[in-house]
Amino acid sequence: MHALKLGMSALALTATVATAEEVRVYNWSDYIDEELLTKFEEETGIDLIYDVFDSNEVLETKMLAGSSGYDIVVPTGTFLSRQIQAGVFQKLDPAQLPNLENMWDVIEARTAAYDPDNAYSINYMWGTTGLGVNVGKVKEVLGEDAPIDSLALIFDPANMEKLAECGVHFLDAPTELIPAALAYAGEDPDGKSKEALAKAEEVLMAVRPYVQKFHSSEYINALANGDICVAVGWSGDVLQARDRADEAENGVEIVYNAAKEGALMWFDQMAIPADAPNPEGAHKFLNFIMDAQNMAAASNYVYYANGNLASQEYLIEDVIDDTAIYPDEAALDNLFTVTSWGAKDQRSLTRLWTKIKSGT
Amino acid sequence: MRRAALIAVPYAWLLALFLVPFAIVFKMSLSDIAIAIPPYTPTLKDGLAEMIRAFDFENYVFLTEDDLYWKAYLSSLKIAAIATVLTLLVGYPMAYGMARAPEEWRPTLMMLVILPFWTSFLIRVYAWIGILSTEGFLNQFLLWTGLISAPLTILNTAAAVYIGIVYTYLPFMILPIYAALDRMDGSLIEAAEDLGCSRLSAFWLVTFPLSRGGVIAGCLLVFIPALGEFVIPSLLGGSGTLMIGKVLFEEFFNNRDWPVASAVAVILLLILIIPIVLFQLNQQKQAEADR
């Protein structure tokens, strides 16, 4: 890729004397087919600088500090919406984005909750938060009729007490677990009131002693190696664990299920910071990503669904036919979305989460 | 004049590298959270007078209202203190052995103590995950020897945090103690033994008191960074390990509350100043004693 960059810039030098154009992209780790990056450079002659992060919080802190130097960043919907309020992003220019017509209205309707009219962002990938289960081990512990597609698996203390033997990991993300706890309690998963938090606390405190670790990425390896038998995790990550276990042929069988009581649906959105050095290049990148074949290549690589309807005909069967990635109509109805947390609610949420994790 | 200039250089560094960053953090701790870039108000953009008028100690009052903060400070103090004692127990015999080793071995032994620093700290902590996990090297080895029949849960517990801290900061303990023991005159032990001391009492009456300066320096060099430690508890510790470094991270990243995070940091610094001042006094005494 470096050789290529050199070649490209040499070409640019002979063509014009202008300095090489750059686009800086800041995306989640392991979230793209890297061949797409080379392809973008070849097609546009723009140097692509691609950095990665692994948490919304890290991205947000960089954005709020200002002058990040990035042209494209990829926050999750709930984070995007309050960053828009803080004035972090600039509006997209539809005239520079002819591929907008490829986008999928079903997803756009949902992302509009975070970004009204989708004025600031396009959907890159979306997924759900659910249960990663080591089927063999769980059935060994809980018997053949273990509720592997229900939140009762992780929120019923009777089940968790037994599962604690073989190991359970929860995401270290209160914004994912509190809605799940509320869904289990039969409440509105988007509840943020004191009463709602108290309900969620009740559910989570009852199973807390049986959770081995709250962590947002270790579960991929732990599931694949058979170190743990259940993880509350993100769809694509669990599927990655499944594939790693298959490759290792270690006899571990991993299944991903969005809980039948309702599962959180989230959206990772590409947006352009207000102080982006090269907004024009950023638009070119967005348009490139929204190309049906490019978007399909990305999904075929990372095993997450995307918000691009036109790309669906280029998706491999493993992706488009897997209901863990593209839920069918009925399952889609079972997914819920949540709104972002205001500063005061966020503080109560973090405080509750600390209490759940540490008992203090 | 030259003398003044000479003194000015280190003070200029101190001002630029310590006092100015501290002033910025302190200033932030007096402001309020806001949805903006940067996420607090007021800033210098509002004008200096306006900014100073808007300052208050609200965030410090807030810290006293929730028991989380002092519990986290206390828990950090406890973990740092226990880890320091453990490091001393492991480090002292090693330093003693090095100082007693034949002259020609010592540079090699010294090298072996420093060698781990050539690898990134983060990678060394990650390596411990591979060693301590239930399917890790340690458990596999113990199972193989037949010492245990079921794997031990070490990773994600307080024990793993202690192992991590002891391992990481061991060289900081060994080096000052070794330096103190190395300087010691060997004939003092002979004299003690001639005067009827057993080897053990000679150690307690002569060797240990003479190495006390090194022990204090080593303990402070371990205790101070261990108190604010963030990486080791978050990688090796379980979710129950409450430490102020983690609380600070959560205030800053999860709550986006830079002002409260700054207030936590200022208090942490105040707590740290006590051992740092003790360390300085000890160093001064040592320097005077040497003279």
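Residues in segment A:181-220 that are within 11 Å of chain B (Cβ to nearest Cβ) and modelled with pLDDT of 90 or more: 3 in all. When A:MET265, A:MET290 are screened for being within 21 Å of A:TRP104 (Cα to Cα) and buried (at least 24 other Cβ atoms within 10 Å of the Cβ), only A:MET290 passes. Quick check, is A:ILE178 within 17 Å of A:ARG351 (Cβ to Cβ), within 14 Å of chain B (Cβ to nearest Cβ) and either crowded, with 24+ Cβ neighbours inside 10 Å or not polar (S, T, N, Q) (or both)? Here the answer is yes, as A:ILE178 does meet what is asked.
Yes/no per residue for (1) in contact with a strand residue (DSSP E or B) (Cβ under 6 Å, 6 or more places away or on another chain); (2) at pLDDT below 95; (3) more than 30 Å from A:SER67 (Cα to Cα):
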site: A:ALA282; (1), (2), (3): yes, no, no
site: A:PHE288; (1), (2), (3): no, no, no
site: A:ALA297; (1), (2), (3): no, no, yes
site: A:ASN300; (1), (2), (3): no, yes, yes
site: A:TYR303; (1), (2), (3): no, yes, yes
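Across segment A:219-238, the qualifying residues are those that are touching a His at 6+ places or on another chain (Cβ under 7 Å) and part of a helix (DSSP H, G or I), and the one among them that is surrounded by the fewest Cβ atoms within 10 Å (Cβ to Cβ) is A:ALA222. With respect to the conditions (1) closer than 16 Å to A:MET290 by Cβ; (2) of a type in the set (Ser, Thr, Tyr); (3) in contact with a Leu (Cβ under 9 Å, 6 or more places away or on another chain), A:THR44 falls short on a single one, namely (3). When each of B:ALA72, B:ALA80 is tested for being within 14 Å of chain A (Cβ to nearest Cβ), surrounded by 12 or more Cβ atoms within 10 Å (Cβ to Cβ) and under 24 Å from the mean Cα position of the chain (by Cα), the lone residue that passes is B:ALA72.
Might you check whether a residue that is crowded, with 16+ Cβ neighbours inside 10 Å and within 14 Å of chain A (Cβ to nearest Cβ) occurs anywhere in segment B:264-273? For segment B:264-273, residues crowded, with 16+ Cβ neighbours inside 10 Å and within 14 Å of chain A (Cβ to nearest Cβ): present. In segment A:346-357, is there at least one residue being touching a strand residue (DSSP E or B) at 6+ places or on another chain (Cβ under 6 Å), among the charged types (D, E, K, R) and within 14 Å of another protein chain (Cβ to nearest Cβ)? Yes, segment A:346-357 contains a residue that is touching a strand residue (DSSP E or B) at 6+ places or on another chain (Cβ under 6 Å), among the charged types (D, E, K, R) and within 14 Å of another protein chain (Cβ to nearest Cβ).
In segment A:221-235, of all residues being small (Gly, Ala, Ser) and within 12 Å of chain B (Cβ to nearest Cβ), the one that is nearest to A:THR360 (Cα to Cα) corresponds to A:ALA222. For the criterion of being charged (D, E, K, R), under 20 Å from B:ALA158 (Cα atoms) and without any contact (Cβ under 8 Å) to a residue 40 or more places away in the chain, A:GLU195 fails. Within segment A:239-258, the residues that satisfy the criterion of being within 14 Å of A:ASP322 (Cβ to Cβ) and not in a helix (DSSP H, G or I) are A:ILE254, A:VAL255, A:TYR256, A:ASN257, A:ALA258. A single entry from A:ALA12, A:ALA18 fulfils the requirement of being part of a helix (DSSP H, G or I), in the same structural domain as A:HIS283 (by TED's automatic domain parsing) and either at pLDDT below 90 or surrounded by fewer than 21 Cβ atoms within 10 Å (Cβ to Cβ) (or both): A:ALA12. Which count do you get for residues in segment A:115-173 that are at positive phi and of a type outside the set (S, T, N, Q)? The total comes to 3.
Let's see how each residue does on (1) within 14 Å of chain A (Cβ to nearest Cβ); (2) at pLDDT 95 or above:
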site	(1), (2)
B:LEU63	yes, no
B:ALA95	no, yes
B:TRP118	no, no
B:VAL125	yes, no
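The residues in segment A:154-171 that are within 14 Å of chain B (Cβ to nearest Cβ) and either in contact (Cβ under 8 Å) with a residue 60 or more places away in the chain or surrounded by 24 or more Cβ atoms within 10 Å (Cβ to Cβ) (or both) can be counted, and the count is 6. Considered as a group, the residues in segment A:335-359 that are surrounded by fewer than 16 Cβ atoms within 10 Å (Cβ to Cβ) and outside any helix (DSSP H, G or I) include one that is farthest from the chain's Cα centre (by Cα), and that residue is A:GLY359. A:ALA282 fulfils the conditions (1) buried (at least 24 other Cβ atoms within 10 Å of the Cβ); (2) outside the structural domain of A:VAL74 (by TED's automatic domain parsing) except for a single criterion, (2).
For segment B:143-153, check the following and say yes or no: at least one residue is surrounded by 19 or more Cβ atoms within 10 Å (Cβ to Cβ) and either touching a residue at least 12 places away in the same chain (Cβ under 8 Å) or among the acidic types (Asp, Glu) (or both). Scanning segment B:143-153 turns up no residue that is surrounded by 19 or more Cβ atoms within 10 Å (Cβ to Cβ) and either touching a residue at least 12 places away in the same chain (Cβ under 8 Å) or among the acidic types (Asp, Glu) (or both). For segment B:4-18, the condition holds for no residue, the condition being that it is aliphatic (A, V, I, L, M) and within 12 Å of another protein chain (Cβ to nearest Cβ). Taken together, the criteria exclude B:ALA12 from residues that are surrounded by 15 or more Cβ atoms within 10 Å (Cβ to Cβ), outside any loop (DSSP other than H, G, I, E, B) and modelled with pLDDT of 90 or more. Do you know which residues across segment A:121-142 are more than 30 Å from A:GLN96 (Cβ to Cβ) and assigned to a strand (DSSP E or B)? Of everything in segment A:121-142, those that are more than 30 Å from A:GLN96 (Cβ to Cβ) and assigned to a strand (DSSP E or B) turn out to be A:THR128, A:THR129, A:GLY130, A:LEU131, A:GLY132, A:VAL133, A:ASN134.
A count restricted to segment B:139-172 and to residues that are away from chain A (no Cβ under 14 Å) and either assigned to a helix (DSSP H, G or I) or aromatic (Phe, Trp, Tyr) (or both) stands at 17.
Taken together, the residues in segment B:226-247 that are under 20 Å from B:PHE18 (Cα atoms) and within 12 Å of another protein chain (Cβ to nearest Cβ) amount to 0.
The values are calculated or read from the model by the stated rules, or taken from the named source; none is laboratory data. These numbers come from a predicted model, not from an experiment. Neighbour counts run over all protein chains shown; Cβ positions are idealised from the backbone, glycine included.
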